[in-house]
Amino acid sequence: MTEWLKNYPKESVVIKAYEFAREAHKDEKRANNDPYIIHCLKVAETVHNWHLDESSIAAALLHDVVEDTSFTLKEIGKKFGQEIAFLVDGLTKLETIKYPGEETNIENLRKLIVSFSKDLRVIIIKLADREHNMQTLQYLMPNRQRKIAWETSEIYAPLAYRLGMQQLAGELEDLAMPYLYPEEYKWLIDNVTELYEERHNYAERVKPEILKILSENNIKPLQIDSRAKHYASLYKKLLRYDMQLNKIYDLIALRIIVKSIEECYTVLGIIHKYWQPLLGRIKDYIARPKINGYRSLHTTVFCIDNKITEFQIRTMEMHEEAEMGIAAHWAYQQIKSSERHSRNWLGVKSRRELLWVEQLRNWQKTLSNKSDYLESLRGDFFKERIFVITPQNDVIDLPAGSTPIDFAYQIHSEIGDECVGAKINNKIVPLDYELHSGDLVEITTQHGKKPSADWLKFIKTALAKKRIKNFVRTHEKRLSKKAEPANLEFKIICEDRQGYLKEITEVFEKLKININYLNSQTDPRHKFTNVTVKCETSPNLKLEKIILKLKKVPGTAEINYKLNR
Ligand code: MN
């Protein structure tokens, strides 16, 4: 079973770590009486299969040394260097997390989040560890089983999914299900085992048929296989379909792997030519990938014998990404560890990649100011955050419900102050428009424009609120200090129309503000009028209110104001 170790030369850090771990754990046994090192080897083998680097494989071999033996992190650092020690430290911390009900929870969880957000390799090794623990869970006591199964289904499986490791996520959920929902699990086994077999045999019949059809069209797929739906996800789906198994069309899906994206679409067309597709069941996750990065074409057709059958069409790269998620990026891009703290630490190139990696990194920010941290670990991790894109392709992290104003202040306070308009995906939207993940946001500014107190009604970010409140407050202060002698001067540009001046003065009258000076000049060529109004200020003067009312006077084009000391 240690065949894979032979890939590494004797003097490599992997072999050294193996020998060190074997010695350190030599007196330990696992619950099934295996020598403890079997577990370490298994975890490291998984990490090896995921194509992670040697430091990760060494850290996987050493992951329980600090926790379970008398060796310290310092000793690991001395022997294997800081990088491996850093990874082992992260893994050791993960081991010590206590879940709800204890005082130390939140702080430890923060350590977990911080450690893995610094280096995702920690969490990937942890997932390999968790996979093996789940595979050997039957040897533990029932209360431990339940606890570990619960953590797995509530924390680690969703995390694997977010990392794009769909295959692992499904497996972890399936492994946890019999411990968490024994009755439901039994029901499933009783009801679907036969069905799975039948569907599997059917898929085997479809395979040669699809191969024939594709070759008639000069397409040679790299691979065709069938995939059985995971039990846990099937159960979740059944709950939404009144437990009616005949409504589930993707118990077994056929997966066609081809050479290029063009071929994906060609194959889709060919399938639709031979078998009629079900309406509304064609999903193009290539054009619109899932938020975790998943790409594929899905379609459901009336296949041989008129049986409803799902096909998934993708390239090899998409396939490996779907199976291995983030680990596939290591394999494809060979990222050096020295780059991992920079913006391009995963070598991300496209927006799609940037987006989900950023989401993961921002996860910890959401958590660190939440007492309800466990809630945020479950389900949709990022439901409270959105991620929008600047024209420069940067990803900006905002709370859900944020508006273009929040975005503008996030970019720069001056852009926020001077914001007059916004475009989302090239369409003009109002400033209180609610942004969504993936939106491309462009802000229009006007030089010298001041923030509006009205924005406070809809903006979401503390940064924007603080900035606007400060602005409003200092202005009020300045006004009240200079109470009597100060003059407030408005310069209004408006349409040249009869009655305009009268309506302007009425605004001031209604607000009980004395006008000291009023003048207007019309430029006959442009048909515009410049109006100057000087008025007294008072401590309770509401500048925003005056401006708002003036804006409402028909014909007002622009308002500028200043304080005369
Ligand atoms: Mn372990």
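The Cα trace of the range 183-324 gives Rg and Dmax of 15.3, 49 Å, the first to one decimal, the second as a whole number. Pop out the carbon and sulfur fraction of the accessible area of the range 487-564 as a percent, whole number, probe 1.4 Å. Carbon and sulfur: 48 percent of the exposed surface of the range 487-564.
Counting only protein heavy atoms and a probe of 1.4 Å, the accessible surface of the range 384-480 is 49% carbon and sulfur. In order along the range 449-461, the phi-based Karplus estimate (6.51 cos²θ - 1.76 cosθ + 1.60, θ = phi - 60°) of 3J(HN,Hα) comes to 5, 9, x, 10, 5, 4, 4, 4, 5, 10, 6, 10, 7 Hz; Gly and Pro are listed as x. With respect to the cross-link table entries LYS449/LYS549; LYS212/LYS290; LYS147/LYS229, which display a Cα-Cα separation exceeding 27 Å? Table pairs above 27 Å Cα-Cα are LYS212/LYS290. Protein heavy-atom accessible surface, 1.4 Å probe, per residue over the range 3-177: 43 Å².
In the assembled protein chains, TRP187 presents an accessible area of approximately 90 Å² (probe radius 1.4 Å). For the range 384-480, the ratio of Cα radius of gyration to the globular rule of thumb 2.2 N^0.38 Å stands at 1.05.
Whole-Hz Karplus values for the range 423-429 come out as 10, 10, 6, 6, 10, 6, 10 Hz, taken residue by residue from phi with 6.51 cos²θ - 1.76 cosθ + 1.60 and θ = phi - 60°; glycine and proline positions read x. Computing the accessible area with a 1.4 Å probe over protein heavy atoms, can you report the carbon and sulfur percentage for the range 3-177? Answer for the range 3-177 is 50 percent, counting heavy atoms of protein chains only.
Derived from the Cα gyration tensor, the three semi-axes of the equivalent ellipsoid of the range 487-564 are 21, 12, 11 Å, largest first. Pairs over the 20 Å Cα-Cα cut-off, from the set LYS29/LYS78; LYS466/LYS491; LYS186/LYS236; LYS237/LYS273; LYS6/LYS126; LYS207/LYS237: LYS29/LYS78; LYS466/LYS491; LYS237/LYS273; LYS6/LYS126; LYS207/LYS237.
Report note on the peptides 35-46, 297-308: ranked by the mean count of other C-beta atoms within 10 Å, highest first, their order is 35-46, 297-308.
Taking amide hydrogens as placed 1.01 Å from N in the peptide plane, the amide H of GLU558 sits under 5 Å from those of ILE493, each at least 5 positions away in sequence or on another chain. If you take the Cα centroid of the range 174-207 and the Cα centroid of the range 509-530, the two points sit 79 Å apart. Converting phi to 3J(HN,Hα) with the Karplus coefficients 6.51, -1.76 and 1.60 and the offset θ = phi - 60°, the range 498-514 yields 5, x, 4, 4, 5, 5, 4, 5, 5, 4, 5, 4, 4, 8, 6, 10, 7 Hz in sequence order, with x at every glycine or proline.
Heavy atoms of the protein chains alone define the surface here; on that basis the range 384-480 has 50 Å² accessible area per residue at 1.4 Å probe size. Remark on TYR294: its backbone amide H falls under 5 Å from none of the residues 5 or more positions apart or on other chains, H modelled at 1.01 Å from N. Peptides 125-137, 73-85 ranked from most to least packed, by the mean per-residue count of other Cβ atoms within 10 Å: 125-137, 73-85.
The values are calculated or read from the model by the stated rules, or taken from the named source; none is laboratory data. As the structure is a computational prediction, the values presented were derived from the model and not from experiment. Cβ atoms come from the backbone with ideal geometry, glycine included; neighbour counts cover every protein chain shown. Protein only, heavy atoms only, side chains kept; ligands, DNA and RNA dropped before computing areas. Shrake-Rupley method; radii C 1.70, N 1.55, O 1.52, S 1.80 Å.
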